[in-house]
Amino acid sequence: MSNTFLIILFVLIGGGLFLSFLRLILGRKATDRAVALDTTTLITTGFLVLVAFLQGRSMLLDVALVYSVLSFLGVLAIARYLDGGLR
Amino acid sequence: MSFMNILAHVVTGLGALVLFASGLGVFRMPDVFNKMHAGTKATTLGSVLFLFGLGLFEPSWLPKLFLIILFIVLTNPVSSHALARAAHNEPSEKPDNLIIDDLEESKGGDQ
Amino acid sequence: MNMTLLAAASMGTGIMMLVAAVAALVVKKLISAIIIVGFVSLSASVLFLLMDAPDVAITEASIGAAISTVIFLWGRGKIGGQE
Amino acid sequence: MTKNLPSIVSSSIVLFGIWLSLTLTFDLQEIILGVVVSVLTAVAVKGALTGNLLRLLSPEKFLAAVGYVMFFLVQMVKANIDIFFRIFRPVIPIRPGIVRANITLKSERARAIVANSITLTPGTITIDIIDDEIFIHWVFLPSGDVHSETQAMVDSFAGRLEKIFE
Amino acid sequence: MTAETMFYWSLAATALGLVVIGIWGVLTRKNILRIALAFTLADTGVNLILVWSGFLPNRAAPIIDSSVTTVVDPLPQALVLTSIVIGVAVAALFVVVGVLASRKSGSADVRRMKELRW
Amino acid sequence: MIRTIVGLVIVLALSAIVISSVSDYSVPSELIGAGLNYTEQGVDDTGSVNLVTAVVVAYRGLDTLGEVVVLFSASTAVVLILTLIPIGANPTPPSSIVAFTAGILPGAIVLFGIYVITHGHLSPGGGFPGGAVVASAFLLVMLGSNTIPGKTKFLTSIESLAGLTFGLLGFWGMLTLGQFLNNLVLPAGSPGRILSAGIIPLISLAIGAKVASELSGVFASYRKAGGEE
């Protein structure tokens, strides 16, 4: 993997992360922010895998796996709260 | 540069591009349901392509990456569906640009 | 080269994290604040991984992403309508 | 217990596969521990993870499942191309609406698969399933009769699944 | 200023900034759950500082295998590992005390909670 | 407004003190003290490849026991305070898809949590994160239903059993080798395999079971307590 390609990957992932982060901060309604958080967590899972790839150690993939499992639970909990399921 | 290497570059780059598109979509779309279109479909395919492309660089990682991919494909639509249902049920969260709304009618008919 | 990218990543994540932390304290609705704190914990997990601490990153991810969020959401549900 | 046996067996096999891809080794100790843990977990959740996968062993059902996955992947790529060319326009073309359609599948698993597939395919998101009605959000409502178009879209998924779940 | 120095100090600045923001929130916010949120922010910042104190650039994670020779300090990471789990238990305690107090006083505003005054 | 400004001044003064104290600090390049000792001898001493787990469970095992006690008292306090709120939760039911997903996924999540716990000495993980993952499977079951959990007594039994196991494993080392929580009462084995590092996997299992049952008990009592009036 060449340096140029690596920079392109970082810019694309970071740009997507930053745009959804802006929606998370600026979003008008709570559900907008929740959707932005969902997108952010998925992009970050990709970023964690990229970091593990750069370090070249497959055991770091566990972090990405745990994150993808538990961010799903977090977003589901937010959705259930907005739906009135966490009273 | 072998064929495998070129394929890995192409797939990874496409995945990163789709992830960027999902961020842009979430930023630009006007209301919550349309944001969800970008935030679900694009992130799912983007993650699949990106992780699979990285796996092509390092084939011994593929089983674990497949596990992450499988989990994302299974759970992402569910969380999106739960959020959509919550957004429709909460009156203050519901967008007002819907042309047809059959769900509201069927709810109104019940009560 | 690698170090430059890592420096850029850590600075970007740090700035986003600090902005989100301020936003969580000044935003109007409590539910939005809870969602934004979820993002802060996510960035903390990334920073832990960048600091070569995968054990801490895995713990922060498992605690901060779901369990802490749920505890705050449930507390908000018990307190009721008053902000 | 005996009624659940096929589900428990297929769940254990799938869980053991997950365990192998997690550990990435073929050490004997790992394999023994994996077998014990996956069988125990499958018994504890009563085989709810996969349901009865053993019925896929008949050839026509297996072919139908493979066909469904292929169809789904093609639809997913189409959906992303659609999204991609939509969000880079200066003014995003949208004509949103929520439309109802009927779903005749009985199995809970099949209904969940259909709903999730619809969420990942072009221009549509499942909002809710109430009894036999499924409510779908369109980002751009199709021209012509909206309800029949939606029904055709749902049936294209449900029809393929009916061969597998019946 | 090399990239290494910037990497190292940006991590420290982020952690310190998070602690400062958290303490500011605890001092100035009025809703009790908002105070609990600020408290968890400060908690995260302190954990970041602790891990940073054992961090050395250009080394690997403290899991020894054939390819790794130099690793970072494992001791602060071990302390933070337990600190995070205890932090969430303390936050849960904070939240339930807040819920009980706000039910007694009828409002989530800390200025109205006479029971918590000393 | 005055409150905000005064708070800002206080924290800025605090951070100025902190920054001035580290102004002559430069990027370190060598480990010193206990950290150097642990990294050089950790694998030979304990047989655990993951040095963080070695420090948590073996070198500083007594501290971990104390921290488990702190966790226990905090979660007991949460459960006790929540019993002061009368029972009466009435959450809205989830949609059928969410209920179905909450029915099928916990098995996979529990398996994953057990993987994280049992491989604590080989890869990132260990008792604390693994216990949190198992507890979140319990949480998923709760998110997918709208019933009040009935019997949660088995959680208490698991919790006490795990705590007892932790203590007894400690005393095993005291009886045979004359040191509390010595992990080499079982052979260290060859580092990198699952059956190695003495009793570190067993203690990880105990910690994981304790964390999982405590967090699950907290969730169950939250669900039982009544909602907003």
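Residues that are in contact (Cβ under 8 Å) with a residue 12 or more places away in the chain and either of a type in the set (Val, Ile, Thr) or not in a loop (DSSP other than H, G, I, E, B) (or both) within segment E:53-69 comprise E:Ser53, E:Ala60, listed in sequence order. Residues that are more than 7 Å from every other protein chain (Cβ to nearest Cβ) and in contact with a Pro (Cβ under 9 Å, 6 or more places away or on another chain) within segment F:73-112 comprise F:Ala99, F:Ala102, listed in sequence order. Scanning for something under 17 Å from the mean Cα position of the chain (by Cα) and under 30 Å from F:Arg193 (Cβ atoms), does segment F:149-158 turn up at least one residue? Yes, because at least one residue in segment F:149-158 is under 17 Å from the mean Cα position of the chain (by Cα) and under 30 Å from F:Arg193 (Cβ atoms). Taken as a whole, segment F:177-193 holds at least one residue that is at pLDDT below 75, in a helix (DSSP H, G or I) and within 21 Å of the chain's Cα centre (by Cα).
Hey, can you tell me all the residues within segment B:9-30 that are open to solvent by less than 10 Å² (accessible area, probe 1.4 Å) and either touching a residue at least 24 places away in the same chain (Cβ under 8 Å) or on the phi > 0 side of the Ramachandran plot (or both)?
B:Thr12, B:Gly15, B:Ala16, B:Leu19, B:Ala21, B:Ser22, listed by residue number.
Considering (1) over 23 Å from F:Arg60 (Cβ atoms); (2) within 7 Å of another protein chain (Cβ to nearest Cβ), the lone condition that E:Leu48 does not fulfil carries the number (1).
Flag set for B:Ile100, criterion: at pLDDT 70 or above, touching a helix residue (DSSP H, G or I) at 6+ places or on another chain (Cβ under 8 Å) and more than 30 Å from D:Leu49 (Cβ to Cβ). Specify which of the listed residues (C:Ala9, C:Ala61, C:Ala24) is at the interface with chain F (Cβ under 10 Å from one of its Cβ atoms) and in a helix (DSSP H, G or I). The conditions single out C:Ala61.
Scoring C:Leu42 on the criteria (1) surrounded by fewer than 24 Cβ atoms within 10 Å (Cβ to Cβ); (2) in a helix (DSSP H, G or I); (3) more than 10 Å from chain F (Cβ to nearest Cβ) leaves a single failure, condition (1). Each residue in segment F:118-155 was checked for being open to solvent by 10 Å² or more (accessible area, probe 1.4 Å), of a type in the set (A, V, I, L, M) and assigned to a helix (DSSP H, G or I), and 4 of them qualify.
Restricting the first member to segment B:51-78 and to residues that are within 22 Å of D:Val114 (Cα to Cα) and more than 9 Å from chain D (Cβ to nearest Cβ), and the second to residues that are open to solvent by 20 Å² or more (accessible area, probe 1.4 Å) and assigned to a helix (DSSP H, G or I), the beta-carbon pairs closer than 6 Å and six or more apart or on different chains are B:Ile69/B:Val48.
When residues in segment A:52-87 are screened for being under 20 Å from the mean Cα position of the chain (by Cα), buried (at least 24 other Cβ atoms within 10 Å of the Cβ) and of a type in the set (Phe, Trp, Tyr), 2 of them pass.
I'd like the full set of residues that are more than 9 Å from chain A (Cβ to nearest Cβ) and of a type outside the set (Lys, Arg), limited to segment B:34-50. It would help to see each step written out before you state the result.
If we filter segment B:34-50 for residues that are more than 9 Å from chain A (Cβ to nearest Cβ), which is where we start, we get B:34, B:37, B:41, B:45, B:48-49.
Across segment B:34-50, the qualifying residues are B:Asn34, B:His37, B:Leu45, B:Val48, B:Leu49.
Condition (residue is out of contact with any Pro (no Cβ under 7 Å at 6 or more places or on another chain), of a type in the set (Ser, Thr, Tyr) and open to solvent by less than 50 Å² (accessible area, probe 1.4 Å)) applied to segment B:44-56: is it met by at least one residue? Yes - at least one qualifying residue is present in segment B:44-56.
Restricting attention to segment D:124-144 and to residues that are surrounded by fewer than 14 Cβ atoms within 10 Å (Cβ to Cβ) and either away from chain B (no Cβ under 12 Å) or in contact (Cβ under 8 Å) with a residue 24 or more places away in the chain (or both), the residue that is farthest from D:Arg95 (Cα to Cα) turns out to be D:Asp132.
Please enumerate the residues belonging to segment B:74-106 that are under 16 Å from the mean Cα position of the chain (by Cα) and polar (S, T, N, Q).
Just the residues of segment B:74-106 that are under 16 Å from the mean Cα position of the chain (by Cα), to begin with: B:74-84.
Across segment B:74-106, the qualifying residues are B:Thr75, B:Asn76, B:Ser79, B:Ser80.
Condition (residue is facing another protein chain (nearest Cβ under 10 Å), on the phi < 0 side of the Ramachandran plot and surrounded by fewer than 21 Cβ atoms within 10 Å (Cβ to Cβ)) applied to segment D:44-60: is it met by at least one residue? Yes: one or more hits.
Residue count for segment A:16-40, restricted to those that are open to solvent by less than 20 Å² (accessible area, probe 1.4 Å) and closer than 20 Å to B:Gly53 by Cβ: 2. For segment A:68-87, a residue qualifies if it is more than 8 Å from chain F (Cβ to nearest Cβ) and either within 20 Å of F:Thr118 (Cβ to Cβ) or touching a Phe, Trp or Tyr at 6+ places or on another chain (Cβ under 9 Å) (or both), and the qualifying residues are A:Ser68, A:Phe72, A:Tyr81. Contact map, segment F:1-17: residues that are of a type in the set (S, T, N, Q) paired with residues that are part of a helix (DSSP H, G or I), Cβ distance under 6 Å, separation 6+ or inter-chain. Pairs shown: F:Thr4/E:Thr28; F:Ser15/E:Val20. For D:Phe26, the conditions (1) over 19 Å from D:Pro122 (Cα atoms); (2) open to solvent by 60 Å² or more (accessible area, probe 1.4 Å); (3) in a helix (DSSP H, G or I); (4) without any contact (Cβ under 8 Å) to a residue 24 or more places away in the chain all hold with the exception of (3). Comparison of D:Ser156, D:Ser143 shows that the only residue that is of a type in the set (Ser, Thr, Tyr) and touching an Asp or Glu at 6+ places or on another chain (Cβ under 9 Å) is D:Ser143.
The values are calculated or read from the model by the stated rules, or taken from the named source; none is laboratory data. Because the structure is a prediction, the values reported are computed rather than measured. As a convention, Cβ positions derive from the backbone with ideal geometry for all residues, glycine included, and neighbour counts pool all protein chains shown. Heavy atoms of the whole protein, side chains included, go into the accessibility calculation; ligands, DNA and RNA do not. Shrake-Rupley method; radii C 1.70, N 1.55, O 1.52, S 1.80 Å.
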